[in-house]
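Step one of this worksheet: look at the structure below.
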Amino acid sequence: MNAPPPPMSLLAELTHRCPLQCPYCSNPLALDGREAELSTAEWIGILDQAAEMGVLQVHFSGGEPMARPDLPELVRHAAARGLYTNLITSGVLLTEATFRPLAEAGLDHVQLSFQDVDTGPAEQVGGMKGAQAKKLEAARFVVADGMPLTLNFVIHRGNAGRVPRMLELARTLGARRVEIAHTQYYGWGLVNRAALMPSRAQLDEATQAVEDARARLGSSLTIDYVTPDYYADRPKPCMGGWGQRFVNISPAGRVLPCHAAETIPGVSFPDIRTATLADIWENAPLFRLFRGTDWMPEPCRGCDFREQDWGGCRCQALALVGDAGATDPICSRSPHHDRVTAILEELPAEPPPFVYRRFGNAPGGGR
Amino acid sequence: MTDVPTAAAAPTGPGLAEAAVVRFMRGVRLQHDRVRDQWVIQAPERAFVPDPIATAILRLVDGQRPVGAIIDLLAGQFDAPRAVIAHDVLAMIADLTARQVLIR
């Protein structure tokens, strides 16, 4: 295999610590503790390597990246290396006093998550009293500064009916972008699938709300819409292809093709403390495992869409079929597509209680 | 790298005058990608490659130069009548404004 083109973007998961406990969190069930986190100097070295390789954008995420006091220093370093800097935050630690050093460090953009538009259900999902008021205040001073703001809403059966008001809130607050992103069912989201999965009617209603808003608002508000692929017939092109555009580094320094990749069995996870980013990207078995099309089984191998959807999502194939090398069962051509249909048919009328995302709370003994 | 602006797809826009001054929106910039040897537009959560016409225009956007001056400079670089270049530049700037790359 020829050397792959360099990654476009780096997801820097600085910590798994977070004041919120959202049951759809994309972090793994086995959360990294503070003692395992990469140091400031190690992150600085990673940012240098990423810029050198050709990464264009770095997304500072977590957990809650604001829990790291060195965040302004990392932003300043990334900006000086020409990297575009995005902060992906819950906003609950964002005050004018903590925002100012980030703006002065050259932060380019803030993506602020909201659990809902109404305080009651929002704080029931996030598990933190007082969070909603802090988020609204954070949105106001980011917009007042002039920095571009994206609001992010994760959609599930409990809030899908309020998508029109989420879009209205984004417009009212002066956000430039809004993400209406249905829950993706990995990690904590997979554990809580029966509590979170919307009905087909709820999905259709949410989709219609997005289309109506796009028609009404035009380009004044960019709306990114992510559907729950369980209702689709064609798989998503997960990460734009395995090891092709995107690299994720976990708080403890594991280098991954996606944030759920630590579920893949039988392969070692490369460690940024013991190898360079370029070497890992090009040569690590984890990155070569599903890169390109050579790994594909039928029906992917002979499919005209193999270089459009890249066989869908490896972690989803693992979660639903038990084999990360299978065709994503979302695809109607998968021999296992009926499993997805069965999951949707068997959703309970009453949602079970949430399993909240926190250290030591994962079923099956995740840390 | 999709989402490439083209003049053909540009809306006519609400009467952009040559006297207008445009600048990049906060959080958006044109940057040379040294590794891939190409110009990219960096914007919130995305980076995309502008086509050669958009690149030529954006390299002249400095927040001070009026659109008419950009047209003059391009008319000096390209072998086409000024009126043709003016039409293309105005359409492209209207498109880039609608895409939240530029602002008046």
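The values are calculated or read from the model by the stated rules, or taken from the named source; none is laboratory data. Predicted model only: the values in this text are computed from it and were never measured. Counting neighbours? That spans all protein chains shown, and the Cβs are built from the backbone with ideal geometry, glycine included. Note: accessible area is taken over every heavy atom of the protein model, side chains too, but ligands, DNA and RNA are not part of it. Shrake-Rupley method; radii C 1.70, N 1.55, O 1.52, S 1.80 Å.
Nothing charged except the Cβ atoms of Lys and Arg (+1) and of Asp and Glu (-1): what's the magnitude of the dipole of the range A:115-175 about its Cα centre? Round to the nearest 20 debye.
Value, rounded to 20: 100 debye.
Put one equal scatterer on each alpha carbon of the range B:23-103, apply the Debye formula with no solvent term, and list log10 I(q)/I(0) at q = 0.21, 0.25 1/Å to two decimals.
With no solvent term, the Cα-only Debye profile gives -0.98, -1.27.
Enter the accessible area per residue of the range B:23-103 (Å², integer; probe 1.4 Å; all protein chains in place).
On a per-residue basis, the range B:23-103 sits at 46 Å².
Summarise the accessible area of the range A:7-366 (1.4 Å probe, protein heavy atoms) by the percent that is carbon and sulfur.
Exposed carbon and sulfur together represent 52 percent of the surface.
Which distance in Å, rounded to a whole number, links the C-alpha centroids of the range A:1-80 and the range A:197-262?
The range A:1-80 and the range A:197-262 have Cα centres separated by 20 Å.
For the range A:71-164, take the convex hull of the Cα atoms, compute a quarter of its surface area, and give me that in nm², please. Don't skip to the end; give the middle numbers.
On the way: hull surface 25.5 nm².
Spelled out: convex hull of the Cα atoms, projected over all directions, averaged, 6.4 nm².
Applying the Karplus parametrisation 6.51 cos²θ - 1.76 cosθ + 1.60 with θ = phi - 60° to the phi angles of the range A:244-254, what ³J(HN,Hα) value in whole Hz is obtained for each residue in order, glycine and proline being reported as x?
Those phi angles translate into 10, 10, 9, 9, 10, 10, 7, x, 8, x, 7 Hz.
What FRET efficiency comes out for the pair A:Arg306/A:Asp224, r = Cβ-Cβ distance, R0 = 22 Å, nearest 0.05? Don't jump to the answer; show the numbers that get you there.
Numbers: r = 25 Å, r/R0 = 1.15.
With a Förster radius of 22 Å, E is 0.30.
In the range A:101-153, what chymotrypsin sites (Phe, Trp or Tyr not before Pro) fall in a loop by DSSP, with at most 16 other Cβ atoms inside 10 Å?
Passing both the DSSP loop test and the Cβ count: no residue.
How big is the Rg/Rh ratio for chain A, C-alpha atoms only, Rh by Kirkwood, two decimals?
0.94
Name the residues of the range A:46-64 whose accessible area falls by at least 40 Å² when all protein chains are present instead of the chain alone, probe 1.4 Å?
A:Leu56, A:Gln57
Given the -39500 (n - 2.57) contribution per DSSP H run of 4+ residues, what per-residue ellipticity at 222 nm results for chain A, rounded to the nearest 500 deg cm²/dmol?
Rounded to the nearest 500, the figure is -10000 deg cm²/dmol.
Taking +1 at the Cβ of each Lys and Arg and -1 at the Cβ of each Asp and Glu, which of A:Met8, A:Leu47, B:Ala69 sits farthest along the dipole of the protein assembly as shown towards its positive end, judged by Cα position relative to the Cα centre?
The Cα lying farthest towards the positive end belongs to B:Ala69.
Let me check against my output: what whole-number percent is the relative contact order of the range B:23-103, with C-alpha pairs under 8 Å and at least 6 apart?
Value for the range B:23-103: 30 percent.
Given the options A:Thr341, A:Pro228, A:Ala122, identify the residue whose Cα lies farthest towards the positive end of the charge dipole of the protein assembly as shown (+1 on Cβ of Lys, Arg; -1 on Cβ of Asp, Glu).
Farthest towards the positive end: A:Ala122.
Assuming R0 = 35 Å, can you tell me the calculated FRET efficiency for the pair A:Ala3 and B:Asp51, based on Cβ-Cβ distance, to the nearest 0.05?
0.80
Go ahead and collect, in residue order, the members of the range B:51-71 whose backbone nitrogen is under 17 Å from a label point 7 Å along the Cα-Cβ direction of B:Arg82.
Answer for the range B:51-71: B:66-71.
If you put +1 on each Lys and Arg Cβ and -1 on each Asp and Glu Cβ, how big is the dipole of the range B:23-103 around its Cα centre, in Debye rounded to 20?
Working: 10 positive and 9 negative charges, 65 e Å.
Result for the range B:23-103 is approximately 320 debye, rounded to the nearest 20.
With +1 assigned to the C-beta of every Lys and Arg and -1 to the C-beta of every Asp and Glu, and no other charges, what is the dipole magnitude of the protein assembly as shown about the Cα centre in debye, to the nearest 20?
660
Could you state how much accessible area is buried at the A-B interface, both sides summed, with a 1.4 Å probe, in Å² to the nearest 100?
Chains A and B together bury approximately 1900 Å².
Taking 8 Å as the Cα distance limit and 6 or more residues as the minimum spacing, I'd like the relative contact order of the range A:7-366 as a percentage.
19
Tell me, what is the per residue accessible area of chain A in Å², probe radius 1.4 Å?
For chain A, the per-residue accessible area is 39 Å².
Ignore the peptide's own chain and count Cβ atoms of other chains within 10 Å of each Cβ in A:83-89; give me the average, rounded.
Average neighbour count from other chains, rounded to a whole number: 3.
Scan chain A and report its longest stretch carrying no GluC sites (Glu not before Pro) that are both in a DSSP loop and have at most 15 other Cβ atoms within 10 Å.
A:1-306
Give me the inter-chain shielding for B:21-31: mean count of other chain Cβ atoms within 10 Å, whole number please.
3
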